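Here is the structure we will look at.
The values are calculated or read from the model by the stated rules, or taken from the named source; none is laboratory data. Predicted, not measured: the structure shown is a model, and the values here were computed from it. All accessible areas refer to the heavy atoms of the entire protein, side chains included, with ligands and DNA or RNA removed. Shrake-Rupley method; radii C 1.70, N 1.55, O 1.52, S 1.80 Å.
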Amino acid sequence: MIETPVTGAPRQSGRGAARRSALFEELVALLVGEGFAQLTLDDLAARLRCSKRTLYGLADSKEQLVRAAVVHFFRRATTRVEAVLAAEQDPAERLAAYLRAVAAELAPVSPQFFDDVAAFEPAAEVYERNTRAAAGRVQQLIEEGVRAGVFREVHVTFAADVITSVMVRIQQRQVAAATGLADAEAYGQLAELLLNGLRRN
């Protein structure tokens, strides 16, 4: 995951900024935990114990709220994943730590959220952009491991292409449909496959 260069949480300034920020965090938690396709603005206002006018202070429509929440979720996850990665020095452990950290970030997310993201083009685009950025990060980590001699000499571009394909299939919910694995579980399995296949014997 790499922070996507698009607008995330609404800019906060002036009176009431702390309340708006807290409300936005509650909104993100609600959507991530339950999905959003079936929730109207009236539903969101009721669940968050605020007025629709307050929600319109965060964004001009439900669609914009959802997209901002998805961006915020991935941006925050990216920050935490990169912090985990920075704490590891061994190239093999860095790759494992990265993929497992991604899995840990996705683990609490409801399947409904991922289904709704896949069905809502502006949110799906955010997830896809982050997925491809994450695949690029994995390629960098594989290259580090090959240079350090802890991974076998592999065709890094081919390996990265295979990994990208799997990660995109996870993002598009194809892996979940084919295997029953949640996105987090799929990333965990991918980590094990990569490490077992790349490590020198």
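Could you give me the ³J(HN,Hα) list for segment 56-66, computed from phi with Karplus coefficients 6.51, -1.76, 1.60 and θ = phi - 60°, whole Hz, x at Gly and Pro?
So the J values, rounded to whole Hz, are 5, x, 8, 7, 7, 7, 4, 4, 5, 4, 4.
Expressed in nm to one decimal, what extension gain is obtained for the pair residue 87 and residue 174 from 0.36 nm per residue of sequence separation less their Cα-Cα distance?
That works out to 28.1 nm of additional length.
Between 0 and 90 degrees, rounded to the nearest ten: what's the tilt of helix 121-148 against the longest Cα principal axis of the chain?
Long axis of 121-148 versus the principal axis of the chain: about 30 degrees.
Carbon-plus-sulfur fraction of the accessible area of the chain, 1.4 Å probe, in percent? Working shown, then result.
Numbers: 5140 of 10010 Å².
About 51 percent, which is the carbon plus sulfur part of the accessible surface.
For helix 156-171, what angle does its Cα long axis make with the longest principal axis of the chain, in degrees from 0 to 90 and rounded to 10?
30
I need the phi-derived Karplus couplings for segment 86-97: 6.51 cos²θ - 1.76 cosθ + 1.60, θ = phi - 60°, integer Hz, Gly and Pro marked x.
5, 7, 9, 10, 5, x, 5, 5, 5, 5, 4, 4
To the nearest 10 degrees, how steeply does helix 183-198 sit against the main Cα axis of the chain, on a 0 to 90 scale?
In the chain, helix 183-198 runs at an angle near 20 degrees to the longest axis.
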